[in-house]
1. Could you list, in sequence order, all residues of the stretch 181-210 that are under 20 Å from LEU142 (Cα atoms) and among the hydrophobic types (A, V, I, L, M, F, W, C)?
Amino acid sequence: MAKAVSVRGLHKAFGARTVLNGIDLEVEPGEFVALLGRSGCGKSTLLRILAGLDREVGGEAEVPGTVSIAFQQPRLLPWRRVWRNISLGLHKPDGRAIALKALEEVRLTDHADAWPLTLSGGEAQRVSLARALVREPDVLLLDEPFGALDALTRLAMHHLVEDLWTRHKPAVLLVTHDVDEALLLADRILVLDEGRIVATHHVDLPRPRRRASVVEQRTRVLADLGVDVEEAA
């Protein structure tokens, strides 16, 4: 079976600064992968390349299927109602019906005709997810989509993303700074440092997961990120 994502020797530099330094990565269809690392390690750059937003790279990055991306900021067009934001670019005569179905999946059917500026942060992010999923992607890229949300809304979004992933089964690459988030959602966690993948963690735990079930693995991931749990405590 073809890989959902295949990356070989990927290099990316901005002037004299190397951001990605020989990345090799394969993602299976339907696999949920989280990317962890300090700011500036190349996580978001990698996602932009996989989304086709940056083609000036060295090496190979192949994503043979359809791709959708959701960013930390929902990036909704304020002059278009919610359903029109979701159907933007679909070019199908039944765009409203398709958008309404997507809104039903993210539990926002009654907001179809709302203006984006009337939405809460969590609601706007759910619309962003609906817009990404309505294209039925083979690969879903999530670039810190919960970073601007409060703690309770983040938890609700975790459950929603896991539910949507279970139903649609795209391959997912999630960029996050939150170790617990990665452990609760991903099948595999990749730790990036200075443009390289320096550690891989497989999360072979049943779903839905609870924080208590990932404590031991959390310590190992934090160690790979350079965090001493005992000193931090």
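Every number in this text was worked out from the coordinates using simple rules, so none of it is lab data. Everything numeric here is computed off the predicted structure, so don't read it as measured data. Cβ: placed from backbone, ideal geometry, glycine included. Neighbour counts: every protein chain shown.
1. Selection gives ALA182, LEU183, LEU184, LEU185, ALA186, ILE189, LEU190, VAL191, LEU192, ILE197, VAL203.
Here's the yes/no breakdown for (1) in contact (Cβ under 8 Å) with a residue 12 or more places away in the chain; (2) out of contact with any Ser or Thr (no Cβ under 8 Å at 6 or more places or on another chain); (3) small (Gly, Ala, Ser):
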site: GLY15; (1), (2), (3): no, yes, yes
site: VAL19; (1), (2), (3): yes, no, no
site: LEU25; (1), (2), (3): yes, no, no
site: LEU35; (1), (2), (3): yes, no, no
site: ARG38; (1), (2), (3): yes, yes, no
site: GLY59; (1), (2), (3): yes, yes, yes
site: PHE71; (1), (2), (3): yes, no, no
site: TRP79; (1), (2), (3): no, yes, no
site: ARG84; (1), (2), (3): yes, yes, no
